[in-house]
Amino acid sequence: MFCSVQSLGLTGITGYPVQVECYITNGLPGFEVVGLPDAAVKEARERVRAAVKNCGFRFPVSRITLNLAPAGTRKSGTLYDLPILLGILAATEAVRLPKAPAAFLGELSLEGKLRPVAGVLPMALAAREAGVQELYVPAPNAAEATLAGGLTVYPVADVGQLAAHLRGEAPIPPAEPWVPGGEPAAPLDYADVKGQQGGKRALEVAAAGGHNVLLVGPPGSGKSMLAKRLPSILPAMTRAEALEVTKIHSVLGLLTAEAPMVTRRPFRSPHHTISSAGLAGGGGVPRPGEISLAHHGVLFLDELPEFRKDTLEVLRQPLEDGAVTISRASGSVSYPSRFMLVCAMNPCKCGWHGDPSGRCTCSQASVESYLGRLSGPLLDRIDIIEEIPALPFSDLTESSPAEPSSAIRARVEAARERQRQRFGDGPCRCNAQMGPEQLRSFCRLDGASTELMRAAFDRLHLTARSYDRILRVARTVADLAGSGEIGPEHIAEAVRYRTFRLGGRDG
């Protein structure tokens, strides 16, 4: 007796079809699973055996061979429990599989109930591309699966319900497509921040162009407060961006039945003790790290020099490429990681170097040692370096309300709209992503601007990368001003963001 059941697998954040082939024959009773299964897949034998018996079916006392094709690709996870069980039931003619192309996935409890699994959205997208019409998933995963579109998704609570549906006795109602209820309101607002107009302006420019930012200042000056409110002024994600972000969160099992889609741009703030693998991703079975969880959002690194130097260096390639590749003996996996890097740090160990109060107790050698944890190539990839000074008493006691995030966001969205019209449907979505061709086309300088750039290049000893980044920031400043051309005033503001001195070094 032979039966084949369609299922799905996952590589990185990409799904692919898997065929679960069941062959039952006479001979010494046994239950073998082949096709490069991991330990979780092999343990499905005991879960399936118990579920079959506890749901009132007869488990065949025969030799059972399960093959997961393609057999050369490693299979992992518990999602094959349901297709394995159906393969046995269909091979013994206890149930009939649907006539329409259908795929099944889900983890089983010993009593036959279905438990949710991770990675349903990318697998649902793969099912749609493979021509599958019906997708059977655990009930808590149904809303997530409907996001793929083009599929009839059946939410399955237990094996008994599925068997009754397949026999035509009690059809399962298909899940309704999940529709987001709108972007949730930001919990933090810039109206709460007293003073720090320079810091707010720097973050407005960063949000408008998708630029990387470093905030430098003494303890308690408001660096973290400013950075944590950045999502409140970022433009809303498009549906395509939201699906990309949701796929990453789905693979890690971070979605819920109530909120199966990520609708707000991510804000990730890992602790400085994080490892390189935790930041970039990794593991025996490679999983996304914090930089991928921050895709299309913000990665905030507070107390930047406290991070291990080798951990910070893994950021260099993803910042340039917008993706991170994790290589293991079993193969390579790429995860998207196009994020805004926002960092905050003190200028020295005690935090008061350069403050007019003269409170710093660090020697120059100590300051250099502290800042030496940051490499030049990493700093070269930061577009905006802004000093956040200690607040004077007059700012703290100011009674007039500060500008709310909604007003800043309106300006940011207007600037982003200009960029969308400029770049069209190409891969470049904001000024920070402009390549050489876009820089030549959209960042032409007049005579006065060219002379200003030449002077800055010579005085600040800029690199070619720094030069390009100044042009991108200047283009953003011009967009915020509603200007079609880059003028000297836009260049001057962009250059100012590169002139802050870190312990005697130009930023």
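Rule-based calculations on the coordinates, nothing more; no lab input. Values in this document were obtained by computation on a predicted structure and should not be read as measured data. Backbone-built Cβ (ideal geometry, glycine too); neighbour counts: all protein chains shown.
Key figures
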| read-out | value |
| --- | --- |
| The stretch 429-493-the stretch 10-55 distance, computed between alpha-carbon centres (Å) | 58 Å |
| Using θ = phi - 60° and Karplus 6.51 cos²θ - 1.76 cosθ + 1.60, couplings along the stretch 467-478 (whole Hz; Gly, Pro as x) | 4, 5, 5, 5, 4, 5, 5, 4, 4, 5, 4, 5 |
| Label point distance in nm, Thr499-Ser224, each placed 7 Å from Cα along Cα→Cβ | 3.2 nm |
| The stretch 27-47 residues near the modelled Thr65 label - backbone nitrogen below 19 Å, point 7 Å along Cα→Cβ | 27-38, 42, 45 |
| Aspartates and glutamates whose Cα lies under 12 Å from that of Lys349, excluding same-chain neighbours fewer than 8 positions away | Glu303, Glu306, Glu368 |
| Rel. contact order, % - alpha carbon contacts under 8 angstrom, at least six apart, the stretch 350-507 | 29 percent |
| Which labelled figure in (1) 1.18; (2) 0.96; (3) 1.33 is Cα Rg over 2.2 N^0.38 Å, once derived from the coordinates | (1) |
| C-alpha long axis of helix 81-91 to longest principal axis of the chain, angle in ° | 20 degrees |
| Residue pairs, from the table Lys75/Lys99; Lys194/Lys228; Lys113/Lys247; Lys53/Lys113, whose Cα atoms sit over 20 Å apart | Lys75/Lys99; Lys113/Lys247 |
| Taking the convex hull of Cα positions in the stretch 380-507, its mean projected area over all directions (nm²) | 9.8 nm² |
| Positive minus negative residues near Cys430 (Lys, Arg vs Asp, Glu; Cβ under 13 Å) | +4 |
| Förster radius 35 Å - calculated FRET efficiency between Thr238 and Glu43, Cβ distance, rounded to 0.05 | 0.30 |
| Qualifying trypsin sites (Lys or Arg not before Pro) in the stretch 357-393, DSSP loop, other Cβ atoms within 10 Å at most 12 | Arg359 |
| Whole-Hz ³J(HN,Hα) from phi, Karplus 6.51 cos²θ - 1.76 cosθ + 1.60, for the stretch 53-67, glycine and proline x | 5, 6, 9, x, 9, 8, 7, x, 8, 8, 8, 10, 10, 10, 10 |
| Separation of the Arg440 and Leu252 label points, Cα + 7 Å toward Cβ, nm | 3.9 nm |
| Cα-centred dipole magnitude for the stretch 255-386, charges only on beta-carbon of K, R (+1) and D, E (-1), debye, nearest 20 | 300 debye |
| Per DSSP, loop GluC sites (Glu not before Pro) in the stretch 114-189 with at most 12 further Cβ within 10 Å | Glu169 |
| Debye, to nearest 20: dipole size of the stretch 188-294, +1 on Lys, Arg Cβ, -1 on Asp, Glu Cβ | 180 debye |
| Long-range HN-HN contacts of Val95 with modeled amide H, under 5 Å | Ala90 |
| Antiparallel content of DSSP bridges confined to the chain, in %, to 5 | 50 percent |
| Computed FRET value (nearest 0.05) for Ile274 with Glu451, which takes r as the C-beta separation and R₀ as 25 Å | 0.05 |
| Neighbourhood charge, 12 Å Cβ-Cβ cut-off, centred on Arg444 and excluding it, Lys, Arg +1 and Asp, Glu -1 | 0 |
| Cα-projected label distance for Lys99 with Ser332, points at 7 Å along beta-carbon direction, nm | 4.7 nm |
| Relative contact order %, the chain, counting alpha carbon pairs below 8 Å whose residues are six or more apart | 13 percent |
| Total formal charge among the other residues, if their Cβ is under 13 angstrom from that of Gln317, Lys/Arg +1 and Asp/Glu -1 | 0 |
| Fully extended contour minus Cα-Cα distance, from Arg308 to Leu188, at 0.36 nm per residue | 40.2 nm |
